[in-house]
Amino acid sequence: MKNLKDRINQHPKDSVAIRYLESDNERIITYGEFKDDIERFWILMDKCNMGDSKIAIVGLNSYSWLIAYYSIVVSGSVAIPLDVKNAKFDYNDIKNEFDYIFLDTNLIEESLLEQDFHNRYFYLDNLVDMLHNYSTKYAVKKEINNANTSTILFTSGTTGKRKGVMISNDIRTLTSNSTLQAVNQTTEIVSSKTTFYLMLPLHAGYTLFNVEMIFNVGGTVIISKGPRYYEMELNIFKPSLIATVPLEMEYFWHKYTKNPSYFGNILPVLWSSGAALSPEIAKNFCQKGFTVLTVYGSSEGSLISLNILKGADSKFDSVGKPIPGINIVILSNEIAIKGDSLCLGYVNAESPINEDGWFLTGDMGYMDNDGYLFINGRKKNVIIFSNGFNIYPETIEEIILTASNSIDEIVIQANMQNETLNAELYGYKIDQDDVKHSIENYNKSAPEYKRITSWKIRNTPFSRNSLNKIIRN
């Protein structure tokens, strides 16, 4: 199976691979330049004896980040992307898992890097300038086994201890190809003409699969500089596809309703993942002519299912149908998956895939008669009182959030001693009457065992991981 480097070589050298703003000036990287910089990185690896090494990458989204990652995974070494928001914690927690590190300046104290890695750390900020000192004629072609581990993704830790998930080039390629097939099943959404707006962190598996899919077809990746630049970038680049998360979807809807030209007077395809997207938000966008994609996946299972939402008859509360190559069954209300895109296992831990080849996702759900998958919540979050009924807190949270005008975040908790439900919530402009009204209205229609008996308002937002999922205690 061809890896990304082979696919990049197939695209016209002068076609645009990457665009971004640099000091408010547009920077364009062609596929020919991208290929050359990957080969220059190989020279750096050879000079520093990085062959067959585990190499960490931690930094904000950048062209340098992309060069480092894709150069490593097509060289025979293993890339370990880390969350820039938790750089110090990740570094101290798993620094024994890697041999070299590429990072943004000022993330880790240089004295600590010197102590731990001596001359085996490099800054992403000056990587491109450093590479351009090398001539591609000295690059040595890498012969690798694409079935071996090329990436280790550390799970977010929203529930339980983080684990290192081992992914191969073959898995990434299979996933991007299957996702492309699913996305284009009715209308060609992703092609060589696609301009993809990259705003989610690159260390997340979902983001990497998306980016690789775009590179595989010869499309263009637009690297965002961050939230402060969204409106300017959207109007300059006018991307045709935006991958985001539910929290950002709500932000985009707020901006769009105030300014219909917010996206540059076009209607990009909006692709949401990471958590359940509010059906109301999805409907709102579709009513304005947008196409909305929702995707369900995990680090261990790659991308699992996809839903294409276009009209009023769409199933807005579903995460869609399995992508090609993925089989889904429901075992004791838990979603289980099987397919060639499952991970190779965990680092230094028992494999999450059972002897029959199934991965139990930890998500509770069901499939309807049309083959659409629905998710109730996380197995670890399910509340079971003595009456034996399952209570899914995420479902209750969504009902209250939809009904409220001032609650931005809510977490339902259980008092197991009294067998009652409590709510903790936060809002930027919280309104006590709105909170009371929203919860009382919910309680009127809920069975007694699902009613909220007390609530408290917190002064600060809940902690979230890099994909904006609330980290539950």
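The values are calculated or read from the model by the stated rules, or taken from the named source; none is laboratory data. Quick caveat, the model's predicted, so the values are computed rather than measured. Don't worry about glycine lacking a Cβ; one is built from the backbone with ideal geometry, like all the others, and counts go over all protein chains shown. Heavy atoms of the whole protein, side chains included, go into the accessibility calculation; ligands, DNA and RNA do not. Shrake-Rupley method; radii C 1.70, N 1.55, O 1.52, S 1.80 Å.
Which value, in Å³ per residue, describes the convex hull spanned by the Cα atoms of segment 204-339? Working shown, then result.
Values: hull volume 16.4 nm³, N = 136.
Per-residue hull volume (Cα only) is 120 Å³.
Can you work out the accessible area per residue across segment 314-473, with the rest of the protein chains kept in place, probe 1.4 Å, in square angstrom? Could you put the intermediate results ahead of the total?
On the way: 8770 Å² over 160 residues.
About 55 Å² of surface per residue is accessible.
List the extent of the Cα atoms of segment 260-314 along each of their three principal axes, largest first, rounded to whole Å.
Reported extents, whole Å, longest axis first: 39, 26, 15.
State the percent of C-alpha pairs, over all pairs in segment 283-379, separated by a distance greater than 19 angstrom.
Working: 2054 of 4656 pairs.
The proportion of pairs with Cα distances above 19 Å equals 44 percent.
Would you mind finding the longest exposed-site-free stretch of the chain, with exposed chymotrypsin sites (Phe, Trp or Tyr not before Pro) meaning DSSP loop and at most 15 other Cβ atoms within 10 Å? Intermediate values should be presented prior to the final figure.
Details: sites that count: Phe389, Tyr428.
For chymotrypsin sites (Phe, Trp or Tyr not before Pro) (loop position, at most 15 other Cβ atoms within 10 Å), the longest site-free span of the chain is 1-388.
Over all directions, the average projected area of the alpha-carbon convex hull for the chain comes to how many nm²? Don't jump to the answer; show the numbers that get you there.
Values: hull surface 94.8 nm².
With every direction weighted equally, the projected area is 23.7 nm².
Under a no-solvent Debye model with one identical scatterer per Cα of segment 334-443, what's log10 I(q)/I(0) at q = 0.18, 0.19 Å⁻¹?
With no solvent term, the Cα-only Debye profile gives -0.98, -1.02.
What value, in deg cm²/dmol to 500, does the helix sum -39500 (n - 2.57) over DSSP H runs of n ≥ 4 give at 222 nm once divided by the residues of the chain? Display every interim value, and only then the final one.
Working: 13 runs with 139 residues, N = 473.
Rounded to the nearest 500, it is -9000 deg cm²/dmol.
With all protein chains present, how much of the accessible area of the chain (probe radius 1.4 Å) comes from carbon and sulfur, to the nearest whole percent?
On the way: 9750 of 21490 Å².
Percent of accessible area from carbon and sulfur atoms in the chain: 45.
Based on DSSP loop calls and a cut-off of at most 16 other Cβ atoms within 10 Å, the longest stretch of the chain free of exposed GluC sites (Glu not before Pro) is what?
Values: sites that count: Glu109, Glu143, Glu188, Glu350, Glu355, Glu419.
Within the chain, the longest run free of exposed GluC sites (Glu not before Pro) spans 189-349.
If you place +1 on the Cβ of every Lys and Arg, -1 on the Cβ of every Asp and Glu, and leave all else neutral, what size is the dipole of segment 191-253 about its Cα centre, to the nearest 20 Debye?
Numbers: 4 positive and 5 negative charges, 37 e Å.
Roughly 180 debye for segment 191-253.
Using the eigenvalues of the Cα gyration tensor, what equivalent ellipsoid semi-axes result for segment 32-161 when each is taken as the square root of five times the eigenvalue, whole Å, largest first?
Working: eigenvalues 115, 59, 36 Å².
Output for segment 32-161: semi-axes of 24, 17, 13 Å.
Kirkwood hydrodynamic radius, computed over distinct alpha-carbon pairs, for segment 109-216: how many Å, to one decimal?
On the way: mean 1/r = 0.0570 Å⁻¹.
After inverting the mean inverse Cα-Cα distance, the result is 17.5 Å.
Pull out the extension gain between Leu267 and Lys456, defined as 0.36 nm times the separation in residues minus the alpha carbon to alpha carbon distance; nm, one decimal. Mind dumping the intermediate values first?
Values: separation 189, 0.36 × 189 = 68.04 nm, distance 3.99 nm.
Going from the current span to full extension adds 64.1 nm.
Calculate the radius of gyration of the Cα atoms of segment 148-266 to one decimal place, then report Dmax, the largest Cα-Cα distance, as a whole number, both in Å.
Taking only Cα atoms of segment 148-266, I get Rg and Dmax of 15.9, 49 Å.
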